[in-house]
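> Okay, handing you the structure first.
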Amino acid sequence: MRIKFDVSALRRTRWYEYALRFFFGGAVTVAAGLIAKAYGPVFGGLFLAFPAIFPASATLVQKHETEKKRKAGIIDNNRGRKAAALDARGAALGSVGLACFGITLWRLLPRWNAGLSLVAALALWLVISLLLWQLRRMHFGKQRVVHGAST
Amino acid sequence: MQIAFRFFVGGLVVSFFAAIGDALKPKSFAGLFGAAPSVALATIGMTVVTDGKAYAALEARSMIVGACAFFIYGCLCMRLMAKRQMGATAVTVSALAIWLACAVGGWFVFLR
C-alpha cells in the first residue's frame, strides 16, 4: 500500500476532538515542566516521551473506521479495533525513533547550537521511524509471498 | 506566564503532529506520528533558555528510558486491541499505567 496524505480526513475530525488534543498536549507539556522543576531533570525527562498523542489518535482511528463501515452498511466493530491496533504498531516503531531522538539530543546539545541539535534529532527520528516501517513492511511482504506459494 | 506559554506551545505541537497522523495512510504508517517527539519539541527549547543546555541534555538522556517504556506500551496496546478485542480508549488510557511503571522502573534501575 502506498503512503497517502488525505486532507479530507482532517475534515472528519470534529472541533472538540481538536480542542481535546490541544488541551491534553498543553497539559502534558506543563506537567512535564513542573515535574522536572520538582524532582529534577533526570526524573522529569522521562515525561518528554509520554504518549501524549497516541491515546486520542487511536480512539479517533477506531471511531472513524467504525463510522465509515457503518455508513457503508457494514456493522463491524472489529474493523475499527484492528485499525487502531495497526496505529499502535506504528507507534511502537516510532518509539524506537523517539529513543534515537533522545540519544541525539543528549549527545549534541552540550556541543552544538540548541536549534541545530533539535533539527538533527527530529530528522533522525523521522529517518529511523521511516526505515523501520519500511523494513517491517518488506519483511512481512516477503512472508506473505512465501505463504502464498506454500498454500 | 511561562506556564501559559508552555501550555499553548505544547498544545499546538501535539495538535500539529496528531493532525499529520490523521491525514496519513496506511494506518500503521500514520501510527509513527503517534510517537512523535511532540512534548520534547515543545519543552526542550524553553528549557535551554531558562535552565541551560546541560540541564536539557540530562532531560534528553532520561527521555531514552521514557521512549523504551513507550515501546513496551505500544506493543501492549497493539496486542490487547488485536488479540483480546478490547476498545481503543480503554486500552490506551489504562495502559498509561504500564508506561509509567516501566518509565519509573527504568529510572530506578538505570538513572537514579
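> Can you pull the one-decimal nm distance between simple spin-label points at A:Asn113 and A:Arg12, each 7 Å off the Cα toward Cβ?
The modelled label-to-label distance comes out at 4.2 nm.
> Given the DSSP H assignment, sum -39500 (n - 2.57) over each helix run of at least 4 residues in chain B and divide by its residue total; what's the result at 222 nm in deg cm²/dmol, nearest 500?
Using -39500 (n - 2.57) per qualifying helix, the result is -26000 deg cm²/dmol.
> List the pairs from B:Lys27/B:Lys53; A:Lys4/B:Lys83; A:Lys4/B:Lys53; A:Lys82/B:Lys53; A:Lys71/B:Lys25; A:Lys4/A:Lys37 whose alpha-carbon separation is above 31 Å, in the order I gave them.
Checking Cα-Cα distances, B:Lys27/B:Lys53; A:Lys4/B:Lys53; A:Lys82/B:Lys53; A:Lys4/A:Lys37 exceed 31 Å.
> Please give the per residue volume of the convex hull enclosing the alpha carbon atoms of chain B, rounded to a whole number of Å³.
Convex hull of Cα atoms, per residue: 120 Å³.
> Could you give the dipole magnitude of the protein assembly as shown about its Cα centre, charging the beta-carbon of Lys and Arg +1 and that of Asp and Glu -1, in debye to the nearest 20?
920
> Now for a separate question. Could you tell me what a quarter of the Cα convex hull surface of segment B:64-112 works out to, in nm² with one decimal place?
For segment B:64-112, the mean projected area of the Cα convex hull comes to 3.1 nm².
> Cα axis of helix B:38-51 to longest principal axis of chain B: angle in degrees, 0 to 90, nearest 10?
Orientation of helix B:38-51: about 10 degrees from the principal axis.
> Turning to a different aspect of this structure: Let me know the volume per residue of the alpha-carbon convex hull for the protein assembly as shown, in Å³.
136
> Here is a follow-up. Just the number: Rg to Rh for chain A, Cα atoms, Kirkwood Rh, two decimals.
Dividing the radius of gyration by the Kirkwood radius yields 1.05.
> Could you tell me the center-to-center distance, by alpha carbons, between segment B:55-105 and segment A:4-83 in angstrom?
When both Cα centres are located, 14 Å separates them.
None of the figures in this text is laboratory data; all of them are computed from the coordinates on show. For clarity, every value in this text was computed on a predicted model and none was experimentally measured. Don't worry about glycine lacking a Cβ; one is built from the backbone with ideal geometry, like all the others, and counts go over all protein chains shown.
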